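No value in this document is a laboratory result; all are computed from the given coordinates. Bear in mind the structure is a predicted one, so any value in this text is a computation, not a measurement. Because the Cβ atoms are built from the backbone with ideal geometry, glycine has one as well, and the counts that use them run over all protein chains shown.
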Amino acid sequence: MKLDFLQRLPFGAGRATHRIVPVGAAGPELTAAEAMLQRVLTDLPEVLVAAVVQLASGQALATYATAREFNLPKVCEHNAEVIRQTQQALKALQLPEEQIEDVLITLSGQLHLLRLLPSGRQLLYVVVDSHDTNLALARAVMQACAGG
Amino acid sequence: MAYSENSPAGKVVQGIIADLPSLIAVAVVDATSGMSLASHSNSPSINPDTAAAYNTEVVKQKQKAMSALKLTNEKIEDILISLSSQSHLLKLTDNGTKFIYLVVSSRDTNLAIAREVLRTHVAELN
């Protein structure tokens with residue numbers, strides 16, 4: 001039975017929200033990325049955005065968002081660039097022994113957290129509302145989920 | 001870097017050094033040009049003016065990421081970069097035109113205290 005009208009309803013069309021969306025090609029990296037986002041969701045159910053992003057390309061492997069307006073591909077690209085710029089800064093400062101563990105950005109009402117994964121090639125990006133959690137807690141969750 | 005102790009930026013650098021004597025480096029930076037208004041380093045290997053220029057780009061990238069999320073009501077308050085043994089903090093002024101850049105050793109400095117020190121002093125820059 002064709003149910004075309006379901007496609008025209010708002011929740012049927014457009015980018016999915018409130019679920020983990022695989023973006024990258026299938027394989028062990030994608031499975032690991034989805035599993036990581038699931039762990040984040042379990043520990044921080046009120047999370048607004050979460051993504052596992054490839055550092056070199058800025059492309060997401062898997063994403064989670066609670067609103068459709070978020071331009072997730074652009075966001076992931078910019079956040080990867082934030083990490084790359086930081087790494088360049090460290091190189092210019094000649095601090096070879098220092099590795100980036102995480103970057104915590106406090107906004108007026110949100111917390112954006114970026115954590116480099118142990119492989120050094122991917123990062124975990126999480127956005128939470130500051131009313132739902134605190135910085136130390138969110139950071140601890142990131143550390144636990146990233147497996148670092 | 002030699003700075004005027006009478007300028008607001010110079011006073012802020014001195015105030016932070018007084019509150020966090022074990023800091024590694026500190027700078028007050030113009031967020032548009034990336035140039036330091038005043039800076040001080042206790043370590044021969046860290047040039048705070050170089051760091052200031054690069055960190056300005058970090059701030060700009062984050063602001064671009066926020067536009068992509070359509071976060072028009074949100075402002076960056078601070079950015080905290082945790083490294084293996086150092087912490088780098090960037091504290092923006094209310095109007096976002098300047099920021100304080102602070103480098104501390106994570107082993108001997110309490111991050112909450114460092115953040116609080118920056119919060120106190122950034123008000124003098126507005």
Net charge near A:A138 (other residues with Cβ under 13 Å of its Cβ; Lys, Arg +1; Asp, Glu -1) is -3
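Is the stretch B:8-125 rounded, prolate or oblate when judged by the Cα gyration tensor, a ≥ b ≥ c being the square roots of its eigenvalues, rounded requiring a/c under 1.5 and prolate requiring a/b larger than b/c? List each step's numbers first, then the result.
Details: a/c = 1.57, a/b = 1.46, b/c = 1.08.
Prolate shape, in that a/c is at least 1.5 and a/b is the bigger ratio.
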What do you get for the angle between helix B:8-19 and the principal long axis of chain B? Use alpha-carbon atoms, 0 to 90 degrees, nearest ten.
60
Please check: in the Gaussian network model of chain B (C-alpha springs, under 10 Å), which one of B:I16, B:I46, B:I24 has the largest mean-square fluctuation.
B:I46
In deg cm²/dmol, rounded to 500, what helix-only [θ] at 222 nm does the protein assembly as shown give when every DSSP H run of at least 4 residues adds -39500 (n - 2.57) and the total is split over its residues?
-11500 deg cm²/dmol
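Nothing charged except the Cβ atoms of Lys and Arg (+1) and of Asp and Glu (-1): what's the magnitude of the dipole of the protein assembly as shown about its Cα centre? Round to the nearest 20 debye.
Working: 23 positive and 26 negative charges, 153 e Å.
With only Lys, Arg, Asp and Glu charged at Cβ, the dipole is about 740 debye.
Within the P(r) computed for the protein assembly as shown, what percentage of the Cα pairs occupies the region above 33 Å? Mind showing how you got there, number by number?
Numbers: 8761 of 37401 pairs.
Tail of P(r) above 33 Å: 23 percent of Cα pairs.
Fewest Cβ neighbours within 10 Å first, please rank B:F99, A:F70 accordingly. Spell out each step's value before the answer.
Numbers: B:F99 26, A:F70 21.
Lowest to highest Cβ neighbour count: A:F70, B:F99.
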My understanding is that a pair violates if its Cα-Cα distance is over 25 Å; which of A:K91/B:K64; B:K11/B:K91; A:K91/B:K75 do that in this structure?
A:K91/B:K75
Quick one: helix A:72-92 against the long Cα principal axis of chain A, what's the angle to the nearest 10°, folded into 0 to 90?
0
So if R0 is 35 Å, what FRET efficiency would A:H131 and B:S43 give, r being the distance between their Cβ atoms, rounded to the nearest 0.05?
0.35
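From the gyration tensor of the Cα coordinates in the stretch A:17-146, what semi-axes in whole Å does the equivalent ellipsoid have, largest first, with each one equal to sqrt(5λ)?
Values: eigenvalues 95, 64, 38 Å².
One finds semi-axes of 22, 18, 14 Å for the stretch A:17-146.
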Expressed as an acute angle from 0 to 90° and rounded to the nearest 10, what is the orientation of the C-alpha long axis of helix A:135-146 relative to the principal long axis of chain A?
80
For the residues B:K70, B:K60, what sequence is obtained by ranking on other C-beta atoms within 10 Å, fewest first?
B:K70, B:K60
Euclidean distance between Cα centres, the stretch A:75-120 to the stretch B:95-126, Å
18
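Just flag the GluC sites (Glu not before Pro) in the stretch B:72-126 sitting in loop per DSSP whose Cβ has no more than 12 other Cβ atoms within 10 Å. Could you put the intermediate results ahead of the total?
Values: sites: B:E74, B:E77, B:E116, B:E124; in loops: B:E74.
For GluC sites (Glu not before Pro) across the stretch B:72-126 that sit outside H, G, I, E and B with at most 12 neighbouring Cβ atoms in 10 Å, the list is empty.
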For the protein assembly as shown, whose charge dipole is built from +1 on Lys and Arg Cβ atoms and -1 on Asp and Glu Cβ atoms, the candidate among B:A123, A:F70, B:L90 with its Cα farthest towards the positive end is A:F70
Please build a GNM for chain B, connecting alpha carbons under 10 Å apart, and tell me which residue among B:S105, B:S87, B:S45 fluctuates the most.
B:S45
